[in-house]
Amino acid sequence: MPILPPPSPPGGPGDVPGDEGEPRFRGWIDPDDRLWRHPSEVAGARPGQAPTSVIHRYRGPFMVVVGAAAVMAAAAWVVVLLSPASDRPMPSGRASDVAADAPMTTLAATSRAVPEPAQAAGQSMVQLRATTGRGVVLLTGVAVAEGGVVATTADALKGGLRALSMVGSDGRLLRAKLLGLDASSDVALVSVPDDVPVAPFADDIALAGGAPDWTLSLATSNSGIPVLECHAGSVAAVGNSVAGGPPGGMAAIVSSPTGLEQPGDPLLNSDGEVIGLFYDHDSTGTSAGATYLPSQLVLGVADDLRSAGHVAAGWPGVQYAADAATPGAMVMSVDATGPAAGRLQPGEVIVGVNSLPVRTVAELRARLYVLAPGSAVALTVVNGPVQRVVDITLGTSP
């Protein structure tokens, strides 16, 4: 086998300048790094016989193919990573990773017989623990806005509130804050340390006596962990006036009592939407039942407490009289200098506010209570067979 000469030293005759001025050496190159072979370098080769290391002969084209495949694979992964989450394959992470990132809500505790339509409202509930001068009480908060803003009934928070906490899904007490309280409607607004999903709410416009409903309650287990319970019932009355207490004269919904209600427990319609928050038992004087403040009153007051810290109710300048035989609110007198002066007459009956029906005086009061002074209001009025719409601008109560 011939022996090839060693490479020439740099700067010598064998030095061939590179593209960048660096020396490039000629000399012996390992056969595996070449695309060609001398016949003497192929073991056992005979004239006319192909070399045994055929792959080295095609190494260049082979590497090109491999490189192209690698580029295509990388591009495919880039497309996957940049695609929406719903299009990407689910990661094979541990279940504990998902649980650790999930928001802590009381629904994470045990639930008992909660039908599917009621589950969304259940996820919007928290259990509150209030320490007042009258002792320790438990009540329910329902999320009305993002960021952990929940509404409840206010009676339990009166009498010198000393501490307010949210009961976590593991029984721990986490500090909560009272944002505002409106004594005339008995609605309170609380901030909790959890971004609870906002509950689905509905007006009670289409609600009537005999309609099926559900009451959601947060009972407390022996370990101190809240347990979500659901009780089926039916509506007894809608629009009746609360007979006493702070929200006296406001409209209420009366439903079948369960005996387990806590202040603030939500009442749901058959679609699982919140239509009221529990206030008291038998507060309307109609029959034994559970009294709920209607959702339109709760949401209106909560919005005022959140934005202004108090409720400023508009005043129409009208005195009403109830007539059990006539739906709506009968005008008894009109203030001579009030917003309705010259627009409404005694004897007329208001049956709607801004296209929403009014069935009782209490319902009219509840709908007007959440409208601020300066609000434009369209009142639907009937006088015998004649119906008309009267536009007024609410004033400030004297």
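What follows is calculated from the coordinates using simple rules that are stated; it is not laboratory data. These figures come from a predicted structure and were not determined experimentally. Counting neighbours? That spans all protein chains shown, and the Cβs are built from the backbone with ideal geometry, glycine included.
Think of region 106-308 as having a plus end and a minus end, set by charges on the Cβ of Lys, Arg, Asp and Glu; of P117, A252, S307, S307 sits farthest toward the positive end of this dipole. Each Lys or Arg adds one and each Asp or Glu subtracts one; over the other residues with Cβ under 13 Å from the Cβ of A378, this totals +2. Can you pull the one-decimal nm distance between simple spin-label points at S333 and T132, each 7 Å off the Cα toward Cβ? About 3.6 nm separates the two model spin labels.
Run the dipole for region 314-396 about the Cα centre, Lys and Arg Cβ at +1, Asp and Glu Cβ at -1, nothing else charged, and hand back the magnitude in debye, nearest 20.
Charge dipole of region 314-396: 100 debye, to the nearest 20.
Compared with the rule-of-thumb size 2.2 N^0.38 Å for a compact globular protein, region 140-246 has a Cα radius of gyration ratio of 1.21.
Stretching A325 away from D271 to a fully extended chain increases their span by 16.3 nm, per 0.36 nm per residue minus the current alpha-carbon distance. Each of V358, P316, A336 was placed along the dipole of region 314-396 (beta-carbon charges, centred on the mean Cα), and the one lying farthest toward the positive end is V358. In this Cβ point-charge picture (+1 for Lys and Arg, -1 for Asp and Glu), region 142-256 has a dipole of about 440 debye about its Cα centre.
The simple Förster model, with R0 at 56 Å and r as the Cβ-Cβ distance, assigns A219 and S397 a FRET efficiency of 0.85.
Modelled this way, with points 7 Å down the Cα-to-C-beta line, the labels at A208 and R172 are 5.1 nm from one another.
Summing +1 for each Lys or Arg and -1 for each Asp or Glu among the other residues whose beta-carbon sits under 15 angstrom from that of S307 gives -3. Note on A163 and A243: with the Förster distance fixed at 30 Å, the Cβ-Cβ geometry gives a FRET efficiency of about 0.40. Of the two radii for region 106-308, the radius of gyration is 0.93 times the Kirkwood radius, both from the alpha carbons; that is the Rg over Rh value. Near V144, once Lys and Arg are set to +1 and Asp and Glu to -1 for all other residues with Cβ below 11 Å from its Cβ, the sum equals -1.
Spacing of the modelled spin labels on D195 and H281, each 7 Å from Cα toward Cβ, amounts to 4.0 nm.
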